[in-house]
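Data block below; observations after.
Rule-based calculations on the coordinates, nothing more; no lab input. Since this is a predicted model, take the numbers as computed values, not measurements. In this analysis, Cβ positions are derived from the backbone assuming ideal geometry, glycine residues included, and neighbour counts consider all displayed protein chains.
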Amino acid sequence: MIKKALFYIFLIMLAVVLFLNTNFESIAVGIAILLFGMIMLEEGFKGFAKGPLQKILKKATDKLYKSIAAGALVTAFIQSSSLVSAVTISFISAGLVTLRGGMGIIFGANIGTTATAWIVAGFGLKIDIAVIAMPMLVFGIIFSLQKKPHLKGIGNILAGLGFFFLGIQYMKEGFDVFKEYIDLTHYAIPGFLGVIVYAGIGIIITTILQSSSATLALILTALAAGQIQYENALALAIGANIGTTITAILGSLSSNIAGKRLAGAHLLFNLFTGAIALTIIFPLANFVNFVSAITGVSADNFTLKLAMFHTIFNILGVLIMIPLTKRTEKFLIKFFKEEKEKGIEQPKYLNESILQFPSTVVSALTEESKYLFENAIFEIIAHALNIHRGDIKSDLDPKDILMKTKEDFKTDVRNLYYSKVKTIYGEILRYATTAQSTLKMGKNLNNRISEIKIANRKMVEIIKGVLELGLNVSQYRTSENIHMVQEYNKFREKIIRVLRVVYLLRTQVDKQIYDTKLFILKNKAKDGKYQTTKSINKLIRDNLITPKMASSLVNDKDNLNEIIKNLIEVAELLYGEKDSLLENAEQKDEPISFVEKE
C-alpha cells in the first residue's frame with residue numbers, strides 16, 4: 001500500500017515537473033532508458049540463472065566467507081543485487097540454502113553493487129559512451145530476436161548495457177542543460193541536518209526506482225554536473241543503500257518463513273550499515289580524502305571519491321556484521337516464527353517464490369514429496385497393517401515384530417488420505433504443472449519434474465492398495481484358520497523388509513548398498529506372483545482354505561506385489577543416487593478415487 005501510494009505520488013510530481021519545466025525531460029528520459037536497460041540486463045542474466053549463477057550461489061554457502069565472496073562477485077558481474085536477492089530468497093525458500101549462507105550472499109551483494117558507482121564514475125562520465133552504447137544496442141537487439149534462449153540472453157545483456165550507458169549519456173546532457181536554468185545546489189543543506197534530509201531523499205528515490213544502481217547513477221551524473229554538493233551526495237548514497245532493501249522485502253512477501261527471515265537480515269544489515277555510515281559520515285569522508293590522496297585521485301574528483309566512499313562504508317558494514325552473524329541469525333529465527341506447526345497437509349517448501357527458477361522448483365517439489373512420504377505415506381502403510389513405525393526403524397527381526405504386535409490399530413486409511421495426503425498431493429501437482437507450463441527449462445529438469453509427479457501418483461496408488469490389503473489383514477489376524485494368519489503375516493513381513501530398506505536408503509550415507517537391496521526386492525516382488533499361485537493352489541488342493549479365502553489371498557498377493565513395486569519405485573525416484581528412468585510417463589495426473597472394498 002505504501003509502495004503504491006509513493007508510486008502514484010511520484011507519477012503526479014513527475015507530470016507536474018515535466019509540464020512546468022521541459023528542461024527536466026532529458027534527465028527523466030535518461031532515468032527511464034537506464035532503468036529499462038537494467039530490466040533487460042536482469043532478464044538477460046535470468047536466462048543464465050538456472051545454470052552457472054545458481055550453481056555458484058548454491059555451492060558457495062557452506063562457509064560464510066565463501067558466500068560473501070560469491071555474492072560480491074556475482075553482483076558485480078551481473079550488475080543486479082535485486083536478481084541476486086531474488087535468487088537467494090528463492091533458494092532459501094526451497095531449502096537449498098541455509099539462513100546463514102543466504103545472509104552471506106546478501107552481505108556480499110551489497111559490496112558487489114558498488115561496482116556500478118565505479119563504472120559510472122570511472123568510465124561512464126569520462127567519455128562519450130553513446131559511441132559504445134549504439135553498437136551494443138544494434139547487436140543486442142539482433143541477438144534478442146533469436147529463438148535460442150542463450151542467444152536471446154546474450155542479446156538482452158548487450159541491449160541492457162547499451163540502454164544503461166545511453167541513459168547515463170542522456171542524464172549527463174540533461175543536467176548540463178538543466179544547470180543553465182536552475183542551480184540545485186541552492187537547495188543544499190549543510191551539516192548533520194543535511195545528512196539526514198538527503199539520506200531520506202535517497203531512500204525515497206530508491207524505493208520509487210526499485211534500484212540502488214539507478215539511484216547512484218542519477219547521483220553521480222548530478223554530482224558531475226555540479227547540481228548537488230559532495231556532502232549531500234554522500235548522504236544520498238547511504239539512503240540509496242537503505243532503500244534497496246525494499247526489493248528484498250517485496251520479494252519475500254510470497255516466500256515462506258525462511259525467505260522472510262532472509263529479507264529481515266537484508267533490512268537489518270542495510271539499516272545497521274546505513275546508521276553507522278550516517279553517524280561517522282564526516283570522519284569517513286575525511287578517510288576517503290586520505291585514501292584519494294594516496295591513490296592519486298584529485299581532490300575535486302568527487303564522482304570517484306563518492307564511488308570510493310560507497311565501497312568503503314559497505315565493506316565496513318560487512319566487517320562489522322560478520323562477528324554478529326550468529327546473533328543476527330538467532331534473533332531472526334526467534335522474531336520470525338511459524339504461527340503454528342504446519343500439518344502434513346500444508347506445504348512446507350512450496351510457495352510462489354520458488355517458481356522464479358527451474359532448479360528451485362525441482363528442489364522444492366523433491367523435498368515436499370520426501371516430506372509427504374516420510375511423514376504420511378510411511379505412517380499410513382505401517383498402521384494400516386498394524387505395524388509400529390518405530391519397530392520398522394529398529395533392528396528387530398521382522399518375525400519378532402509380528403510376534404510382539406497383536407493389536408488391531410483400527411486405522412482409517414480413507415480418512416488419513418483425505419486429511420493428510422490429498423491436499424498436499426494436489427499442491428505438488430499444481431506447482432509441478434505450473435512450472436512445466438510457465439518456466440523455460442531444459443529437458444533434464446523437465447523430466448525430473450515428471451518423475452516427481454510419477455512418484456507422487458505411485459504414493460497414492462500405494463495408499464489405495466494398502467486400504468484393500470489392510471482390511472483383510474485386520475479381518476484374518478484372529479482367524480481360526482492358522483494358514484490364513486500365516487499367509488497374511490508373510491505379507492506384512494515383506495512390507496516390513498521393504499520399508500526398512502527404504503528407511504535405510506534415505507537415512508544412511510552409503511546408499512549404494514540399499515539401492516542394490518531394493519533392486520533385489522523389486523525382482524522378488526515380480527517373481528513372487530508366480531510362486532504365490534503355486535502355494536495357494538497347494539492350500540486349496542489340501543482343503544486347508546476355502547475358495548473365498550483363496551480368492552482373497554490371490555488378490556491380496558498381487559496387490560502386495562504392486563505395493564512393493566510402487567514403494568521401491570518411489571524410493572528410487574526420490575532417494576536413489578542414479579537417474580531414474582521415466583516409467584509409465586504417459587500416466588495421467590488425476591487424483592485416484594477411493595472406493596469401498598466389497
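Numbers for the structure displayed
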read-out	value
Rough spin-label spacing in nm, given labels placed 7 Å along Cα→Cβ, for residue 320 and residue 394	5.7 nm
Packing-based order for 320-333, 482-495, 229-242, 263-276, using average beta carbon neighbours within 10 Å, highest first	229-242, 263-276, 482-495, 320-333
Extension gain from residue 28 to residue 346, taking 0.36 nm per residue of separation minus the Cα-Cα distance	109.8 nm
Difference of contour (0.36 nm per residue) and Cα-Cα distance, residue 508 to residue 379	44.5 nm
27 Å tail of the calculated P(r), the stretch 414-562, as % of Cα pairs	40 percent
Computed label-point distance, nm, for sites residue 418 and residue 550 using a 7 Å Cα→Cβ extension	3.8 nm
Gained length - residue 134 relative to residue 204, 0.36 nm times residue gap less alpha-carbon distance	22.0 nm
C-alpha center-to-center spacing [the stretch 470-504, the stretch 405-463] in angstrom	26 Å
Residue 558 paired with residue 142, simple spin-label distance in nm, labels 7 Å along Cα-to-beta-carbon	6.6 nm
Quarter of Cα convex hull surface for the stretch 479-519, i.e. mean projection, nm²	3.2 nm²
Cα-based convex hull, the stretch 228-323, per residue volume (Å³, whole number)	97 Å³
Selected from 376, 509, 561, residue furthest toward positive end of dipole (the stretch 352-575; charges at beta carbon)	561
Over 23 Å (Cα to Cα) - which of 422/494; 406/490; 458/557; 337/393; 410/511 fall in this group	422/494; 337/393; 410/511
Proxy reagent accessibility, fewest Cβ within 10 Å first, across 198, 65	65, 198
Total formal charge among the other residues, if their Cβ is under 14 angstrom from that of residue 323, Lys/Arg +1 and Asp/Glu -1	+3
Computed over the stretch 352-575: relative contact order in percent, which uses C-alpha pairs under 8 Å that are six or more apart	27 percent
Neighbour-count ranking [beta-carbon atoms within 10 angstrom, fewest first] of 546, 405	546, 405
Magnitude of the charge dipole, the stretch 466-523, Cβ model with Lys/Arg +1 and Asp/Glu -1, debye to 20	220 debye
